[in-house]
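The values are calculated or read from the model by the stated rules, or taken from the named source; none is laboratory data. Every value quoted in this text rests on a predicted model; they were computed, and no experiment measured them. Virtual Cβ from ideal backbone geometry, glycine too; neighbours counted across all protein chains shown.
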Amino acid sequence: MNPSDSLKELFRTELETQSKVLSQALIDLEKKPDDPYLLETSMRAAHSIKGAAKVILLEPIVRLAHAMEDCFVAAQKKQIQLDVQRVDLLLKGVDIFSNLAKTGKKEMGQWIGQTGTVIESLIDELSDLKKGTETAQRSETFISTSLITAPQEKVLRMTAESLNKLMGLAGESMVEARWLAPFGESLQKFKSNIKQLSLTFDAVQSNLKEEDLNDQAKANLQMLQIQIKNIYEQYKKHLIDLADFISRYSFLTERLYQEILNSRMRPFSDGVEGFARIVRDLGHELGKEVRLEIIGKSTLVDRDILEKLKSPLTHLLRNSISHGIETPQERLSVGKPEEGVVKMEARHQGGLLEITLSDDGRGLDIDQLRKLIVEKKYLTDEMAAHLTVPEVINFLFLPGFSTSKDLTDISGRGVGLNVVQNTIKEIGGRVETTFEEGKGTTFDLLLPITLSVMRALLIEISGDFYALPLSRIDRTVVIEQENIQLSGNSPFFHFFDQDIPLVQAWEILELVGTRTSERQIAILVSDRSAYFGLAIDRLLGEKELVVQELDPRLGKIPHILAGSLLEDGSPVLILDVEDIVQSIKSYLQMNPKPSKQTKRILIIDDSPTVREFEATLLKNQGYEVESAENGKEGLNALNLRPFDLVISDLDMPRMDGITLLKEVRKDPKLKSLPVIIVSYKSTEEERLKGITAGATAYLSKNSFHDLTMLQEVHKLIG
Amino acid sequence: MEQQAKKVQSILVFRLGHQLFGLPTLSIQEVSPIKKIHRIPHRSGKILSGLVNLNGELRLSVSLYALLSVESFPGKDIGRMIAIKREGDCWVFPVDSVEGILSCREEEIKKASDPYIKGYMEIENLSFALLDEELIFQSLQKDPA
């Protein structure tokens, strides 16, 4: 008799569950080999697997589970003790179980055939293990088995497809339920029609003279009156019943919908199940002692986010163990306990999900990183020396940057942290890194609580509904026709003290649109350097949308993130603002703004990062930019070529900003050249010094991110 | 006593423009009222019309009119949408009207060589073209890819 498909499925589920239990118990047993609760749990898990495998007729698995069960019983009887090697062996058995659980129902038999020899030799080793060291036969009975297990929440499994169908149907129920209220109202109106009927009857009756009517007529009229009254009364009652039903039903559908939405959340502990094992195995491999602590196990996390976090968390974990935690000897020598600790914590903080991974290892060696940056030819020695600590840390996240001397399996591939950052960004979160030299490193992941609901701005483009995530929009603007200017063929408008290009959304999306020159409604979007205006047909307000993944057969559609449905069931497509901004930029490059005579700006700063940043900022606005490393170089450049504006730092080697200013103001050719000083120093005293020396404007370096600098530039040279 | 059981199929008959077509009900997931179709930027074309809401989920909407080169004839009939499914892939297509479900026997099909058509049939005074659902699915599976 062949076990049915559903039996096999049940087996796989049981195998997976019990493997996890066994895995965790074994890891705990390593630290507490005599713990009776752990031994009992392990024994029972192996016993369950044995029983299930018997039903499915997988004989090798039965024997393997039996061999493991025997080992646990032996340990309970104190005949053997489970040391590291023994736990290793038993874990190998667990690996067989979990790998089997991963194969498909049809392939199980085949897989067992292939792994047959491995299983057999493992069974032999386990039998030897069970006999183990000959400790004195003690006649003590093993510990009583009346252990109270903590009540656990019953967990069920369902496919993502089923859940999506449920969500869809619940949503659609709500859409249909919304039809009821307006229908109820129209029935109310009908009630007044009946009332009208009754009044008409009264009018008719009052015009009839009593003596004109015979008995039959009188009887008929009376009956008519009673019938109208009955209809009215019954109708009124039915309406009340209907109103009650509408209110109960709407409430039910809303609750159903909310519950299903909430079922997407899972406790954090679900996502970190395999980590204890990784910590143990990697620690052994590298000769380090490490313990994993998980805090906030019951913190609720969206199941999709949990899934996407597995890979980045694994990588950060491996990183901490291989680079962060020191060897036991090293730790002792600096006064730390031999065992290193890695903490993973999940909590809800300020409307966000915050997941922290920290270790108490050696922290980051900034000088070592600087050397690496130079070695990899990212920067010169001098430039690397000038990087601030946060700037150095940023290099860790560049693709191809690895701090491992050899590319081993562990974490030296040099790809890891970059992938971590990308995955986190994909979810819509960010990573923050802090460390204390010699004390440890912390990675802070800040993520949205759920991916499934998004606050968005609803718009209309070419007759269809679209939505923009609220977090990615700067503003909406209405531009009257007369305020739209043309630069060559490219329209632009003036806002925030600058010229902002205006691009039609339907053009970017390759839809059909009409170019009208009437007033435009535009969404202001930006990347770090500039603003862009995306023109749309209509603005429809803010909505909270439940996000649906689009059919995978469509592939990754450019400019589209996902889909959703409105309250009335209409489809909406959610736009990918990053994609759109990129396309707008390419579109504009093909139709560049012809300069009305391009202004030239000289940037003087000793930090390459600052120079790069300012240059990009200004080039995107259509200025021509040159840069110099210090005051002397800057002065040379000014003497050789014409410039419209200078933006300079104060603290620089080989001629600082103040000296430069004085030189510039002395020179008759350069005397009236506008100079903006940008400096970290922003006290009144420093400002005064700068202005007295001849600065046209004095800005602080904090103002990069709020476009004050751009506004100032525009003010000075247009 | 019949030697072999005659194979009987259940066919859903619907109208596209002036013509009637049929599809085996086994391939049909459901019939629903006509809904708004949302164009998909960079993807919508003649055959792939866009996305439509079916039971609260966004599904691909295709044009059988385009596939079969038939003109729509909206007239007085309220349009409907038919959802077909095969091996987990679902497509929805609008039709002018749904006429009903008929049983037909294998031999009653008059074979034809027109594209996508298995044969012509006449049952209970309804003449329609029985579509080759295999061919249709294959074409649809290729298109959005």
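The rows are residues; the columns are (1) more than 19 Å from residue A:274 (Cβ to Cβ); (2) in contact with a Leu (Cβ under 7 Å, 6 or more places away or on another chain); (3) not β-branched (Val, Ile, Thr).
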site: A:11; (1), (2), (3): yes, no, yes
site: A:15; (1), (2), (3): no, yes, yes
site: A:25; (1), (2), (3): no, yes, yes
site: A:40; (1), (2), (3): yes, yes, yes
site: A:53; (1), (2), (3): yes, no, yes
site: A:56; (1), (2), (3): yes, yes, no
site: A:63; (1), (2), (3): yes, no, yes
site: A:69; (1), (2), (3): yes, no, yes
site: A:82; (1), (2), (3): yes, yes, yes
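Condition check ((1) more than 14 Å from every other protein chain (Cβ to nearest Cβ); (2) crowded, with 18+ Cβ neighbours inside 10 Å; (3) touching an Asp or Glu at 6+ places or on another chain (Cβ under 9 Å); (4) in a loop (DSSP other than H, G, I, E, B)) across all residues:
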| residue | (1), (2), (3), (4) |
| --- | --- |
| A:556 | no, no, no, yes |
| A:578 | yes, no, yes, no |
| A:606 | yes, yes, yes, yes |
| A:611 | yes, yes, yes, no |
| A:618 | yes, yes, yes, no |
| A:625 | yes, yes, yes, no |
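Filtered by the rule that a residue be farther than 26 Å from residue A:392 by Cβ and surrounded by 20 or more Cβ atoms within 10 Å (Cβ to Cβ), segment A:328-367 gives A:346, A:353. Checked against (1) modelled with pLDDT of 85 or more; (2) within 18 Å of residue B:123 (Cβ to Cβ); (3) part of a loop (DSSP other than H, G, I, E, B), residue B:6 passes all but a single condition, namely (1).
Just to be sure before I move on: is residue B:58 buried (at least 19 other Cβ atoms within 10 Å of the Cβ), without any contact (Cβ under 8 Å) to a residue 40 or more places away in the chain and either β-branched (Val, Ile, Thr) or farther than 16 Å from residue B:97 by Cβ (or both) in the structure I sent? Step through it out loud before you land on a result.
Numbers: buried (at least 19 other Cβ atoms within 10 Å of the Cβ): yes; without any contact (Cβ under 8 Å) to a residue 40 or more places away in the chain: yes; either β-branched (Val, Ile, Thr) or farther than 16 Å from residue B:97 by Cβ (or both): yes.
Answer is yes for this residue.
In the list A:490, A:583, A:526, which residue meets the criterion of being polar (S, T, N, Q) and within 13 Å of chain B (Cβ to nearest Cβ)? It would help to see each step written out before you state the result.
Details: A:490 fails: within 13 Å of chain B (Cβ to nearest Cβ); A:526 fails: within 13 Å of chain B (Cβ to nearest Cβ).
Of A:490, A:583, A:526, the one residue that is polar (S, T, N, Q) and within 13 Å of chain B (Cβ to nearest Cβ) is A:583.
Which is within 14 Å of another protein chain (Cβ to nearest Cβ), touching a Leu at 6+ places or on another chain (Cβ under 8 Å) and among the β-branched types (Val, Ile, Thr), of B:92, B:70? Reasoning before the result, please.
Working: B:70 fails: within 14 Å of another protein chain (Cβ to nearest Cβ).
When all the criteria are applied, what remains is B:92.
Scanning segment A:530-554 for residues that are within 7 Å of chain B (Cβ to nearest Cβ) and farther than 22 Å from residue A:583 by Cβ, which turns out surrounded by the fewest Cβ atoms within 10 Å (Cβ to Cβ)? Write out each step before concluding.
Within segment A:530-554, the subset within 7 Å of chain B (Cβ to nearest Cβ) is A:548, A:550-551, A:553-554.
Those still in the list that are farther than 22 Å from residue A:583 by Cβ too: A:548, A:551, A:553.
Numbers: A:548: 23, A:551: 18, A:553: 15.
The extreme case among them is A:553.
Would it be correct to say that residue B:43 is within 14 Å of chain A (Cβ to nearest Cβ) and over 23 Å from residue A:167 (Cα atoms)? Yes.
Let's see how each residue does on (1) over 42 Å from the mean Cα position of the chain (by Cα); (2) more than 30 Å from residue A:5 (Cβ to Cβ):
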site	(1), (2)
A:69	yes, no
A:83	no, yes
A:88	no, yes
A:98	no, no
A:102	no, no
A:107	no, no
A:115	no, no
A:120	yes, no
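For residue A:439, the conditions (1) within 30 Å of residue A:299 (Cβ to Cβ); (2) under 22 Å from the mean Cα position of the chain (by Cα) all hold with the exception of (2). Sub-8 Å Cβ pairs linking a first residue in segment A:163-182 that is more than 9 Å from chain B (Cβ to nearest Cβ) and farther than 26 Å from residue A:244 by Cα to a second residue that is of a type in the set (Asp, Glu) and assigned to a helix (DSSP H, G or I), at least 6 apart or interchain, number zero.
I'd like the residue in segment A:558-576 that is in contact with a Phe, Trp or Tyr (Cβ under 9 Å, 6 or more places away or on another chain) and surrounded by fewer than 20 Cβ atoms within 10 Å (Cβ to Cβ) and, out of all such residues, is nearest to the other protein chains (Cβ to nearest Cβ). Residue satisfying both the conditions and the ranking: A:570. Taking residues in segment A:116-131 that are under 20 Å from residue A:74 (Cα atoms) and modelled with pLDDT under 80, and partners anywhere that are surrounded by 15 or more Cβ atoms within 10 Å (Cβ to Cβ) and of a type in the set (Asp, Glu), the pairs with Cβ atoms closer than 6 Å and at least 6 places apart or on different chains are A:130/A:70.
Can you pull out every residue in segment B:14-40 that is aliphatic (A, V, I, L, M) and facing chain A (nearest Cβ under 10 Å)?
So the first thing to find is which residues in segment B:14-40 are aliphatic (A, V, I, L, M), and the list is B:16, B:20, B:23, B:26, B:28, B:31, B:34, B:37, B:40.
Hits for segment B:14-40 are B:37, B:40.
Check segment A:581-590 and report whether any residue there is over 30 Å from residue A:373 (Cβ atoms), of a type outside the set (Phe, Trp, Tyr) and surrounded by 20 or more Cβ atoms within 10 Å (Cβ to Cβ). Please lay out each step first, then the result.
Step one: filter segment A:581-590 for residues over 30 Å from residue A:373 (Cβ atoms), giving A:583-584, A:586-590.
From what is left, the residues that are of a type outside the set (Phe, Trp, Tyr) are A:583-584, A:586, A:588-590.
Within this subset, residues satisfying the condition of being surrounded by 20 or more Cβ atoms within 10 Å (Cβ to Cβ) are A:584.
Checking segment A:581-590: at least one residue is over 30 Å from residue A:373 (Cβ atoms), of a type outside the set (Phe, Trp, Tyr) and surrounded by 20 or more Cβ atoms within 10 Å (Cβ to Cβ).
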